[in-house]
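One structure below.
The values are calculated or read from the model by the stated rules, or taken from the named source; none is laboratory data. Because the structure is a prediction, the values reported are computed rather than measured. Quick reminder, even Gly has a Cβ in these numbers, built from the backbone with ideal geometry, and neighbours come from all protein chains shown.
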Amino acid sequence: MEKTKIGCQTIGCHVTSCRYNDSGNYCELTRIQVEPCTGRPDTGCAEDESLCGSYAKR
Ligand code: SF4
């Protein structure tokens, strides 16, 4: 199986400033890349640990 085609997920997302966001609820992309946050404290809180690397400004 191609690594880019694993699973069949729907990506929920509320980031309305992203060009790939649909109606404030979904991501239109079939695949996103999640990246670790760098330069943040190691808190274990989502906002300090991960972010969407596929984000693009509208
Ligand atoms: S690319 Fe990332 S930030 Fe943009 S809509 Fe998709 S999941 Fe949300």
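Quick notes on this one:
- Unique residue being more than 20 Å from Gly7 (Cα to Cα) and assigned to a loop (DSSP other than H, G, I, E, B) when the list is Thr30, Thr38: Thr38
- Thr16 assigned to a loop (DSSP other than H, G, I, E, B), in contact with a Gly (Cβ under 8 Å, 6 or more places away or on another chain) and more than 7 Å from the ligand (Cβ to nearest atom): yes
- Out of Glu47, Glu2, sole residue that is at pLDDT below 95, on the phi < 0 side of the Ramachandran plot and within 13 Å of the chain's Cα centre (by Cα): Glu47
- Selection within region 20-32 - surrounded by 10 or more Cβ atoms within 10 Å (Cβ to Cβ) and either at pLDDT 95 or above or within 8 Å of the ligand (Cβ to nearest atom) (or both): Tyr20, Asn21, Asp22, Asn25, Tyr26, Cys27, Glu28, Leu29, Ile32
- Residue satisfying all of: in region 33-42; more than 10 Å from Ser54 (Cβ to Cβ) and surrounded by 10 or more Cβ atoms within 10 Å (Cβ to Cβ); farthest from the ligand (Cβ to nearest atom) among these: Arg40
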